[in-house]
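The block underneath contains the structure these notes are about, expressed in structure tokens.
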């Protein structure tokens, strides 16, 4: 699909140009050095440096565009909640089915999920890239095996909202209803401003799911209306939900949306601004919030806009939920 889809042509052209520039820098430096080995040492050092920069740029572009986006990793965290029995939850998000990711990749994700033998699987939205995505490519999700069920919420791409290169919000066709219908047909329960009670043996848990925040249709108050006094998990595509006061009623909040920044550097973090308003520190991982809730924020498995990930590997997040009495969240 490289360079073949109008929606990604310019992104792919940029990748091709970066690869070409890096290769030309390496080739030019090597040709110059092979013909001018007796040149002044300082000149040779400068030429070698240019070649090295080209090599680094060439290698990182190839790796980030075509290698790392296919490297699915599993991260495992232990979270303590007010429950009586241990529970294993697997979280995925941001599949972005479309020009970069399809059925084959999603099947690999499902294999990772099933290997973990989860009790519950949560899908935190952005299942498709845009209105041109083929919903039939979501079919592998129907092969997920979870003893207490698979649950999902919709994300901003599902609801027809994304950002352009200038970080401005733009709208396209809302496919939320179609995505929800496709998931329900795969026996995945889609929660849209509502809650359900999950039963695992003697354990009962409230699972609350809200519609995407950017759509303007999210309603956390309505979603929590009538909830029983049980341990509560809140599933939201966008982690900005933690800014709503009522989110403190949830013991665990699960979200995606950030992609971990998608392009990161070690010890630096994301090189681009995150599509959230809660601050750059909330990019990926487990966070204990001031109100006592825990935020589990996955960097997701797919890419939006640029077909690249760098030090932000596609993530299948495993949450080992343990009784709170034994320790605090880690």
Gained length - residue 170 relative to residue 246, 0.36 nm times residue gap less alpha-carbon distance: 24.5 nm
Gain on full stretching of the segment that runs from residue 3 to residue 43 - 0.36 nm per residue minus C-alpha separation: 10.6 nm
Region 132-239, relative contact order [Cα under 8 Å, separation at least 6], %: 27
DSSP beta bridges in the chain [antiparallel fraction, %, rounded to 5]: 40
Gaussian network model of the chain, springs between alpha carbon atoms under 10 Å - residue of 277, 75, 28 with greatest fluctuation: 28
Selected from 289, 319, 138 as most flexible by GNM, with the chain as the system and alpha-carbon contacts under 10 Å: 289
Nearest 10 degrees, 0 to 90: helix 176-185 Cα axis against the chain principal axis: 70
C-alpha long axis of helix 103-115 to longest principal axis of the chain, angle in °: 50
Over the chain: helical MRE at 222 nm, DSSP H runs n ≥ 4 each giving -39500 (n - 2.57), nearest 500: -7500 deg cm²/dmol
Cα-only Debye scattering, region 6-68: base-10 log of I(q)/I(0) at q = 0.18 Å⁻¹: -0.66
Two-site label geometry, residue 35 and residue 10: point separation in nm, points 7 Å out along Cα→Cβ: 3.8
Mean separation of Cα contacts under 8 Å (6+ apart) over length of the chain, as relative contact order %: 23
Gap separating the Cα centres of region 1-72 and region 91-130, nearest whole Å: 32
Calculated FRET value between residue 222 and residue 291, using beta carbons and R₀ = 22 Å, to 0.05: 0.60
Label assignment, Kirkwood radius over Cα pairs in Å derived from the structure, set (i) 22.3; (ii) 21.0; (iii) 20.5: (ii)
Nearest-ten-degree value, helix 9-35 long axis tilted from longest Cα axis of the chain: 30
For the chain, built as a Gaussian network whose Cα springs stay under 10 Å, the top-fluctuating residue of 204, 193, 238: 204
Whole-angstrom gap from region 167-225 to region 274-330, using each part's C-alpha centre: 19
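Every number in this text was worked out from the coordinates using simple rules, so none of it is lab data. The shown structure was predicted, so the numbers you read here are calculated from the model rather than taken from an experiment. Note: ideal-geometry Cβ built from the backbone for every residue, glycine included; neighbour counts use all protein chains shown.
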